Amino acid sequence: MTECIQERFEFEGHYLKQVVAEFDGEQSSSDGGALLLREVDRRLRLTERLASCFAD
């Protein structure tokens, strides 16, 4: 059985900064969840689809 473990995730950049999540270090940041939510929202268009439910 093949074991696939991804140690590096590349997200959409923020302005001119590259955004990468790597899981090979000892220290971690709790801010990574916001980046993950942004990427999920961008791919699934959740905010865009929710906004289309409301008339302004």
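The values are calculated or read from the model by the stated rules, or taken from the named source; none is laboratory data. Every value quoted in this text rests on a predicted model; they were computed, and no experiment measured them. Cβ placement follows ideal geometry from the backbone for every residue including glycine, while neighbour counts extend to all protein chains displayed.
Quick notes
- Consider the stretch 37-56 and keep the residues that are of a type in the set (Gly, Ala, Ser) and surrounded by fewer than 10 Cβ atoms within 10 Å (Cβ to Cβ). The one that is modelled with the lowest pLDDT is 55.
- The set of residues in the stretch 35-56 being aliphatic (A, V, I, L, M) and farther than 25 Å from residue 10 by Cβ consists of 50, 51, 55.
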